[in-house]
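One structure is given here, and the rest of the page talks about it.
The values are calculated or read from the model by the stated rules, or taken from the named source; none is laboratory data. Small disclaimer: the values here were computed from a predicted structure and weren't measured. Methodologically, a virtual Cβ is constructed for each residue, glycine included, from the backbone with ideal geometry; neighbour enumeration extends over all protein chains shown.
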Amino acid sequence: MPNAELEKAVRKADLKARTKEFALRVMKLVDALPRTRLAYRRQNSSPAKRGRRTGCDHGRLAKIGNRQSAIANSMKICDLTQFYSPVSGGVKRYLHEKIDYIDRQAARHEHVLIVPGAKTRLKGNGRSRVYTIRSPVVSRTAQYRALLNLRAVEDILEREQPDVIESADPYQLGWKALKVGRVLRVPVVGFYHSHFPEAYVRKSATLLGKRATHRVMKLSRAYVRKLYNQHAATIVASEGLGGLLRDWGVHNVRVLSLGVNTEIFRPDGSGTEAIRLSLGVNSGQNLLLYVGRLAREKNTATLLRAFRSLQRRRPNEFHLLVVGDGPDRIHLRKLQMRTNNLSWIRYCADPRELAGFYRAANLFVHPGVQETFGLAALECQACGTPVVGIRGSYMDNIICHDQECWALENSPDALVNAIEKCSDRKLTVLGRNAARVARSLYSWSRVFDELFCIYGELRSKYRRF
């Protein structure tokens, strides 16, 4: 056998062996995690000593928690998530809108938020308290951190004594929430914000070949089923994703679409011309907009290739504004060097400023094919700007106008054709009608009214003492 063929055979055999070993490790992890039991805290242990172990200042936090709701219909809700950073998007927006809802419309309830951060601290925010636990950075671009200090999470939950725990994490924090929930005898709700088996696992596994990908995806489905069937309810943002999880064997799925702040995200023509001028967009150009992470799971490489092709087909007729950052920024910078019709803003923290960009655009372009909801697309429509993208994701369900011109396949050429077709339509009329529908169907008040009904229903099934 020639040396090249021999080396190829050896590499293939080695790859199969490593794949099998990886699959066995994952199976052992999935099987072992639920059997782990949470030990009760020692009654005579010193809070000061526990504080040194966990990194929490319990002397400072002891005055806060450790009490039950005094009003019969009131609840204390505790949210846990690792998808929270100074520059994060949808999950952070959802949590802040929940805090605002409790402050303005549901003052009888209390809210606790536990997230990773640069330092361990406690911050009050109206009816909500935000605990930040010092955690290491895992993504410098998105500034995400891995919350590894699970003892600190446990201590906070024991002191706060929430009536409902909501976990937005499918990893170690999600398992910890379940364990503490069993000890406290309170329902733990899982919010399935990200369809991580498709967004991350499948794409990584494809490097190992079809057979290995099939095995890894099978393990991922088993993992999802084992984790979320232990929750009192699993909330998803779209009916399509809910149906998929039911097919996977998750039995407790509740569908709850996300919402939009219609006081901020609404049609308003004031200031749009100034924004377009600041970007260098002339009156004869169509301003395209993308808001989101520049990452593989968002399919932004397809967007950038499509815009490069669009510049060749119709020079200077379109200008693209990108709001967001991520690993694909390297491709964006290269494209910026070739054209003056591409503007980039790394992050927009102010929702009112973001609404101004939505309104200034003629068309919002969303290339995502793995979206579980598509909050940016909904906010843009609420501002009166129509959306174009690639059909087939769960985002289709929240598009408030027809999708006749949308791309039918995931390719730059198909997306270019869709942008051209949409830009030839009466976008102002299309956007105005979409804004009316978005305002009537997707207000945050309606979303949280329904969510708190779910909380109340689940809480009534648990007897804590």
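A few remarks follow.
- Test: Gly384 is over 20 Å from the mean Cα position of the chain (by Cα), surrounded by 15 or more Cβ atoms within 10 Å (Cβ to Cβ), assigned to a loop (DSSP other than H, G, I, E, B) and among the small types (Gly, Ala, Ser): yes
- Members of segment 334-362 found to be of a type in the set (A, V, I, L, M, F, W, C) and out of contact with any Leu (no Cβ under 9 Å at 6 or more places or on another chain), listed by number: Met337, Ala349, Leu354, Ala355
- Residue match in segment 106-121 (condition: surrounded by fewer than 19 Cβ atoms within 10 Å (Cβ to Cβ), in contact with a Leu (Cβ under 8 Å, 6 or more places away or on another chain) and either outside any loop (DSSP other than H, G, I, E, B) or on the phi < 0 side of the Ramachandran plot (or both)): no
- Yes/no for Glu166 being under 19 Å from Tyr462 (Cα atoms) and either without any contact (Cβ under 8 Å) to a residue 60 or more places away in the chain or not β-branched (Val, Ile, Thr) (or both): yes
- Any chance Ala349 is under 19 Å from the mean Cα position of the chain (by Cα), hydrophobic (A, V, I, L, M, F, W, C) and farther than 20 Å from Leu279 by Cα: no
Matching residues to (1) at positive phi; (2) modelled with pLDDT of 95 or more:
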{"site": "Leu354", "(1), (2)": "no, yes"}
{"site": "Phe357", "(1), (2)": "no, yes"}
{"site": "Val369", "(1), (2)": "no, no"}
{"site": "Gly374", "(1), (2)": "yes, no"}
{"site": "Cys380", "(1), (2)": "no, yes"}
{"site": "Pro386", "(1), (2)": "no, yes"}
{"site": "Ile390", "(1), (2)": "no, yes"}
{"site": "Asn397", "(1), (2)": "no, no"}
{"site": "His401", "(1), (2)": "no, yes"}
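- In segment 268-336, counting only helices (runs of 4 or more DSSP H) that sit wholly within it, the ones holding 3 or more residues that are over 19 Å from Glu353 (Cβ atoms) span 300-313, 329-336.
- Taking the listed residues Arg293, Arg329, the one that is farther than 24 Å from Gln381 by Cβ and either under 22 Å from the mean Cα position of the chain (by Cα) or of a type in the set (Lys, Arg) (or both) is Arg329, with no other qualifying.
- Candidates Glu404, Glu450: the one that is out of contact with any Cys (no Cβ under 6 Å at 6 or more places or on another chain), of a type in the set (Asp, Glu), in a helix (DSSP H, G or I) and surrounded by fewer than 22 Cβ atoms within 10 Å (Cβ to Cβ) is Glu450.
- Only strands (runs of 3 or more DSSP E) whose full extent lies in segment 131-192 are considered here, and the ones with at least 1 residues that are surrounded by fewer than 21 Cβ atoms within 10 Å (Cβ to Cβ) and in the same structural domain as His231 (by TED's automatic domain parsing) are 137-139.
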